[in-house]
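Below: one structure, written as C-alpha coordinates.
The values are calculated or read from the model by the stated rules, or taken from the named source; none is laboratory data. Note that the structure is predicted; figures quoted are calculated from it, not measured. Every residue, glycine as well, gets a Cβ built from its backbone with ideal geometry; the counts of neighbours run over all protein chains shown. Note: accessible area is taken over every heavy atom of the protein model, side chains too, but ligands, DNA and RNA are not part of it. Shrake-Rupley method; radii C 1.70, N 1.55, O 1.52, S 1.80 Å.
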Amino acid sequence: MLEWKLTEEYQTSAGRVSAGRCGEGPDLILAHGWPWSSYSWHRLIPQLAKTYKVHWYDMPGYGQSEKKSDQRTSLDVQGEIFVEMLAHWGINRPTVIAHDFGGATTLRAHLLHGCDFERYVLMNVVAMRPWGSEFFDHVGKHVDAFEGLPSHIHKAIVEAYIQGALVNEIPRIDFENLAAPWLTNEGASSFYRQFALADEKYTAEVEPLFGDIRCPVKIVWGEDDPWIPIERGKELHRLIGQNRFETMSRVGHLPQLESPQTALKAFSDFI
(Lines give C-alpha, C1' and ligand atoms only; values in the text may rest on other atoms or scores of the structure.)
Protein backbone atom coordinates (compact mmCIF):
# COMPACT_ATOMS: atom_id res chain seq x y z
CA MET A 1 0.00 0.00 0.00
CA LEU A 2 1.08 3.57 -0.66
CA GLU A 3 1.49 4.67 2.94
CA TRP A 4 4.03 5.63 5.58
CA LYS A 5 5.76 2.67 7.22
CA LEU A 6 9.24 2.09 8.64
CA THR A 7 10.14 -1.30 7.25
CA GLU A 8 13.91 -0.88 6.81
CA GLU A 9 16.86 -0.50 9.15
CA TYR A 10 20.31 0.72 8.22
CA GLN A 11 23.39 1.10 10.41
CA THR A 12 24.83 4.55 9.75
CA SER A 13 27.92 6.20 11.21
CA ALA A 14 25.60 7.94 13.72
CA GLY A 15 23.59 4.87 14.72
CA ARG A 16 20.75 2.71 13.47
CA VAL A 17 18.26 4.46 11.20
CA SER A 18 14.67 3.38 10.51
CA ALA A 19 13.45 4.06 7.00
CA GLY A 20 10.77 3.33 4.44
CA ARG A 21 9.81 3.79 0.81
CA CYS A 22 6.90 3.17 -1.53
CA GLY A 23 5.65 3.98 -5.01
CA GLU A 24 7.20 3.78 -8.45
CA GLY A 25 8.83 6.44 -10.58
CA PRO A 26 11.61 9.00 -10.16
CA ASP A 27 13.18 9.11 -6.71
CA LEU A 28 11.86 11.64 -4.20
CA ILE A 29 13.20 12.02 -0.65
CA LEU A 30 11.33 13.62 2.24
CA ALA A 31 13.55 15.23 4.90
CA HIS A 32 11.87 15.92 8.25
CA GLY A 33 12.80 18.40 10.94
CA TRP A 34 12.82 18.99 14.69
CA PRO A 35 11.08 17.78 16.83
CA TRP A 36 9.35 15.66 14.25
CA SER A 37 10.04 12.37 12.47
CA SER A 38 9.27 10.94 9.05
CA TYR A 39 5.73 10.39 10.39
CA SER A 40 5.15 14.10 9.79
CA TRP A 41 4.95 13.30 6.05
CA HIS A 42 2.42 10.47 6.34
CA ARG A 43 -0.52 12.43 4.92
CA LEU A 44 1.42 13.46 1.78
CA ILE A 45 3.06 10.13 1.00
CA PRO A 46 0.05 8.36 -0.59
CA GLN A 47 -0.42 11.15 -3.12
CA LEU A 48 3.28 11.60 -3.88
CA ALA A 49 3.77 7.85 -4.28
CA LYS A 50 1.35 7.80 -7.23
CA THR A 51 4.05 9.55 -9.26
CA TYR A 52 7.33 8.99 -7.43
CA LYS A 53 9.30 6.37 -5.61
CA VAL A 54 9.16 8.13 -2.24
CA HIS A 55 11.87 7.58 0.39
CA TRP A 56 11.94 8.69 4.02
CA TYR A 57 13.81 8.00 7.24
CA ASP A 58 13.92 9.09 10.86
CA MET A 59 17.11 11.03 11.53
CA PRO A 60 19.42 9.48 14.15
CA GLY A 61 18.16 10.54 17.57
CA TYR A 62 14.60 11.00 16.26
CA GLY A 63 11.45 8.92 15.78
CA GLN A 64 12.13 5.20 15.70
CA SER A 65 15.82 5.53 14.91
CA GLU A 66 18.49 4.85 17.50
CA LYS A 67 18.83 7.20 20.47
CA LYS A 68 21.80 6.82 22.80
CA SER A 69 23.53 9.04 25.33
CA ASP A 70 26.87 9.40 23.52
CA GLN A 71 25.31 10.01 20.12
CA ARG A 72 26.12 13.16 18.14
CA THR A 73 23.09 14.18 16.11
CA SER A 74 23.84 17.83 15.35
CA LEU A 75 23.15 19.31 11.93
CA ASP A 76 26.63 18.62 10.61
CA VAL A 77 26.14 14.92 11.38
CA GLN A 78 22.64 14.92 9.88
CA GLY A 79 24.01 16.30 6.62
CA GLU A 80 26.50 13.43 6.49
CA ILE A 81 23.79 10.88 7.25
CA PHE A 82 21.67 12.20 4.40
CA VAL A 83 24.61 11.48 2.10
CA GLU A 84 24.89 7.97 3.57
CA MET A 85 21.19 7.31 3.03
CA LEU A 86 21.42 8.29 -0.64
CA ALA A 87 24.32 5.87 -1.04
CA HIS A 88 22.41 3.16 0.84
CA TRP A 89 19.42 3.53 -1.46
CA GLY A 90 21.64 3.89 -4.55
CA ILE A 91 20.06 7.22 -5.49
CA ASN A 92 21.52 9.94 -7.70
CA ARG A 93 19.82 13.31 -8.29
CA PRO A 94 16.61 12.78 -6.33
CA THR A 95 13.91 15.38 -5.98
CA VAL A 96 14.03 16.54 -2.35
CA ILE A 97 11.34 18.08 -0.16
CA ALA A 98 12.76 19.39 3.10
CA HIS A 99 11.09 20.83 6.19
CA ASP A 100 12.52 22.62 9.25
CA PHE A 101 15.92 21.07 10.21
CA GLY A 102 15.61 19.01 7.04
CA GLY A 103 16.45 22.24 5.23
CA ALA A 104 19.82 22.70 6.92
CA THR A 105 20.48 18.95 6.64
CA THR A 106 19.91 18.79 2.88
CA LEU A 107 21.54 22.15 2.18
CA ARG A 108 24.70 20.86 3.83
CA ALA A 109 24.49 17.62 1.82
CA HIS A 110 24.12 19.60 -1.41
CA LEU A 111 26.48 22.52 -0.83
CA LEU A 112 29.20 20.91 1.30
CA HIS A 113 29.09 17.22 0.36
CA GLY A 114 28.35 17.32 -3.36
CA CYS A 115 24.90 15.67 -3.47
CA ASP A 116 23.04 16.72 -6.61
CA PHE A 117 19.26 17.13 -6.65
CA GLU A 118 16.85 17.16 -9.56
CA ARG A 119 14.47 19.62 -7.92
CA TYR A 120 14.39 21.00 -4.42
CA VAL A 121 11.52 22.21 -2.24
CA LEU A 122 12.31 24.09 0.97
CA MET A 123 9.28 24.35 3.23
CA ASN A 124 9.41 26.42 6.44
CA VAL A 125 13.07 25.48 6.80
CA VAL A 126 15.85 26.18 9.26
CA ALA A 127 18.49 27.50 6.88
CA MET A 128 19.89 30.79 8.13
CA ARG A 129 20.55 32.61 11.38
CA PRO A 130 19.06 33.46 13.77
CA TRP A 131 16.99 30.44 14.75
CA GLY A 132 15.85 28.87 18.00
CA SER A 133 14.15 30.72 20.87
CA GLU A 134 14.75 31.78 24.47
CA PHE A 135 13.33 28.42 25.60
CA PHE A 136 15.58 26.64 23.11
CA ASP A 137 18.65 28.39 24.52
CA HIS A 138 17.58 27.84 28.14
CA VAL A 139 17.07 24.10 27.74
CA GLY A 140 20.37 23.76 25.91
CA LYS A 141 22.19 25.24 28.91
CA HIS A 142 20.39 23.08 31.51
CA VAL A 143 19.92 19.70 29.85
CA ASP A 144 20.71 17.68 32.99
CA ALA A 145 17.96 19.40 34.95
CA PHE A 146 15.36 18.74 32.27
CA GLU A 147 16.37 15.09 31.82
CA GLY A 148 15.40 14.45 35.45
CA LEU A 149 11.82 15.70 35.14
CA PRO A 150 8.93 13.39 36.12
CA SER A 151 7.35 11.76 33.08
CA HIS A 152 4.05 13.65 33.28
CA ILE A 153 5.83 17.01 33.36
CA HIS A 154 8.10 15.98 30.49
CA LYS A 155 5.03 14.94 28.46
CA ALA A 156 3.44 18.33 29.11
CA ILE A 157 6.60 20.10 27.87
CA VAL A 158 6.79 18.01 24.70
CA GLU A 159 3.12 18.58 23.91
CA ALA A 160 3.34 22.31 24.63
CA TYR A 161 6.42 22.57 22.45
CA ILE A 162 4.71 20.83 19.53
CA GLN A 163 1.55 22.88 19.98
CA GLY A 164 3.64 26.03 19.73
CA ALA A 165 4.41 25.25 16.08
CA LEU A 166 0.76 25.07 15.03
CA VAL A 167 -1.85 27.64 14.11
CA ASN A 168 -4.39 25.03 13.01
CA GLU A 169 -5.67 22.01 14.88
CA ILE A 170 -4.34 18.71 13.56
CA PRO A 171 -5.94 15.29 14.12
CA ARG A 172 -5.38 14.09 17.68
CA ILE A 173 -3.83 10.85 16.45
CA ASP A 174 -1.27 12.86 14.47
CA PHE A 175 -0.42 14.97 17.52
CA GLU A 176 0.00 11.88 19.69
CA ASN A 177 2.21 10.14 17.14
CA LEU A 178 4.44 13.19 16.81
CA ALA A 179 4.97 13.23 20.58
CA ALA A 180 5.20 9.47 21.20
CA PRO A 181 8.89 8.90 20.26
CA TRP A 182 9.94 11.50 22.84
CA LEU A 183 7.95 10.00 25.72
CA THR A 184 10.07 6.88 26.33
CA ASN A 185 13.06 7.07 28.67
CA GLU A 186 15.54 7.14 25.78
CA GLY A 187 13.28 9.50 23.85
CA ALA A 188 13.14 11.98 26.73
CA SER A 189 16.93 12.07 26.99
CA SER A 190 17.28 12.50 23.24
CA PHE A 191 14.65 15.26 23.20
CA TYR A 192 16.64 17.49 25.54
CA ARG A 193 19.97 16.47 24.04
CA GLN A 194 18.89 17.95 20.71
CA PHE A 195 18.65 21.39 22.32
CA ALA A 196 22.22 21.13 23.56
CA LEU A 197 23.52 19.96 20.18
CA ALA A 198 21.87 22.73 18.19
CA ASP A 199 24.38 25.28 16.94
CA GLU A 200 23.93 28.11 14.46
CA LYS A 201 27.45 27.56 13.13
CA TYR A 202 26.10 24.67 11.04
CA THR A 203 23.83 27.02 9.09
CA ALA A 204 26.42 29.79 9.07
CA GLU A 205 28.67 27.48 7.04
CA VAL A 206 26.19 27.25 4.16
CA GLU A 207 24.65 30.74 4.18
CA PRO A 208 27.35 32.24 1.90
CA LEU A 209 26.74 29.41 -0.60
CA PHE A 210 23.00 29.79 -1.23
CA GLY A 211 23.62 31.34 -4.62
CA ASP A 212 25.56 28.21 -5.64
CA ILE A 213 22.60 25.81 -5.44
CA ARG A 214 22.81 23.66 -8.57
CA CYS A 215 19.16 22.81 -9.20
CA PRO A 216 15.74 24.47 -9.49
CA VAL A 217 14.44 25.49 -6.05
CA LYS A 218 11.01 26.46 -4.81
CA ILE A 219 10.47 27.89 -1.34
CA VAL A 220 7.01 27.40 0.19
CA TRP A 221 6.08 28.86 3.55
CA GLY A 222 3.18 28.80 5.98
CA GLU A 223 2.72 32.55 6.28
CA ASP A 224 1.59 32.39 9.92
CA ASP A 225 4.56 30.28 11.07
CA PRO A 226 5.06 31.11 14.77
CA TRP A 227 8.59 29.64 14.83
CA ILE A 228 10.26 30.89 11.66
CA PRO A 229 8.66 34.11 10.40
CA ILE A 230 7.68 34.49 6.77
CA GLU A 231 10.26 37.26 6.48
CA ARG A 232 12.98 34.63 6.94
CA GLY A 233 11.58 32.70 4.00
CA LYS A 234 11.55 35.84 1.85
CA GLU A 235 15.17 36.57 2.74
CA LEU A 236 16.17 32.97 1.92
CA HIS A 237 14.42 33.37 -1.42
CA ARG A 238 16.38 36.58 -2.09
CA LEU A 239 19.72 34.93 -1.25
CA ILE A 240 19.09 31.86 -3.38
CA GLY A 241 18.07 34.11 -6.25
CA GLN A 242 15.49 31.91 -7.99
CA ASN A 243 12.03 33.27 -8.73
CA ARG A 244 9.96 30.58 -7.05
CA PHE A 245 8.37 31.49 -3.74
CA GLU A 246 4.86 30.73 -2.54
CA THR A 247 3.10 31.43 0.73
CA MET A 248 0.39 29.28 2.25
CA SER A 249 -2.20 31.47 3.95
CA ARG A 250 -3.55 30.60 7.39
CA VAL A 251 -0.90 27.89 7.82
CA GLY A 252 1.75 27.63 10.55
CA HIS A 253 5.05 25.78 10.83
CA LEU A 254 3.79 22.28 9.97
CA PRO A 255 1.95 22.62 6.63
CA GLN A 256 2.10 18.91 5.81
CA LEU A 257 -0.18 18.14 8.77
CA GLU A 258 -1.98 21.45 9.27
CA SER A 259 -3.17 21.63 5.66
CA PRO A 260 -1.82 18.73 3.57
CA GLN A 261 -3.70 19.63 0.39
CA THR A 262 -2.47 23.22 0.57
CA ALA A 263 1.11 21.97 0.90
CA LEU A 264 0.70 19.57 -2.05
CA LYS A 265 -0.80 22.30 -4.20
CA ALA A 266 2.08 24.63 -3.37
CA PHE A 267 4.78 22.35 -4.76
CA SER A 268 3.12 19.68 -6.92
CA ASP A 269 3.36 21.58 -10.22
CA PHE A 270 6.98 22.46 -9.51
CA ILE A 271 8.16 18.93 -8.79
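Residue pairs, Cβ under 7 Å, 6 or more apart or interchain, first in the stretch 231-242 and without any contact (Cβ under 8 Å) to a residue 40 or more places away in the chain, second of a type in the set (A, V, I, L, M) and not in a helix (DSSP H, G or I). List them.
Going by the 7 Å Cβ cut-off, the qualifying pairs are H237/I219; I240/I213; I240/V217; Q242/V217.
Just checking, which of R93, R43 is in a loop (DSSP other than H, G, I, E, B), on the phi > 0 side of the Ramachandran plot, open to solvent by 10 Å² or more (accessible area, probe 1.4 Å) and in contact (Cβ under 8 Å) with a residue 12 or more places away in the chain? Working first, answer last.
Numbers: R43 fails: on the phi > 0 side of the Ramachandran plot.
Exactly one of R93, R43 is in a loop (DSSP other than H, G, I, E, B), on the phi > 0 side of the Ramachandran plot, open to solvent by 10 Å² or more (accessible area, probe 1.4 Å) and in contact (Cβ under 8 Å) with a residue 12 or more places away in the chain, namely R93.
Can you name the number of the only condition in (1) buried (at least 16 other Cβ atoms within 10 Å of the Cβ); (2) among the acidic types (D, E); (3) assigned to a loop (DSSP other than H, G, I, E, B) that E159 fails?
Here E159 clears every test but (3).
Filter the stretch 46-62 for residues that are more than 14 Å from the chain's Cα centre (by Cα) and under 17 Å from L264 (Cβ atoms); which is surrounded by the fewest Cβ atoms within 10 Å (Cβ to Cβ)?
Keep residues of the stretch 46-62 that are more than 14 Å from the chain's Cα centre (by Cα), which gives 46-54.
Those still in the list that are under 17 Å from L264 (Cβ atoms) too: 46-52, 54.
On the way: P46: 16, Q47: 16, L48: 23, A49: 20, K50: 11, T51: 14, Y52: 22, V54: 28.
The selected residue is K50.
Which members of the stretch 205-226 meet the condition of being open to solvent by 30 Å² or more (accessible area, probe 1.4 Å) and either modelled with pLDDT under 95 or more than 22 Å from H253 (Cα to Cα) (or both)?
E205, P208, L209, G211, D212, R214, P216 - these are the residues of the stretch 205-226 that are open to solvent by 30 Å² or more (accessible area, probe 1.4 Å) and either modelled with pLDDT under 95 or more than 22 Å from H253 (Cα to Cα) (or both).
Which one is least open to solvent (accessible area, probe 1.4 Å) among residues in the stretch 115-136 that are in contact (Cβ under 8 Å) with a residue 12 or more places away in the chain and among the acidic types (D, E)?
D116
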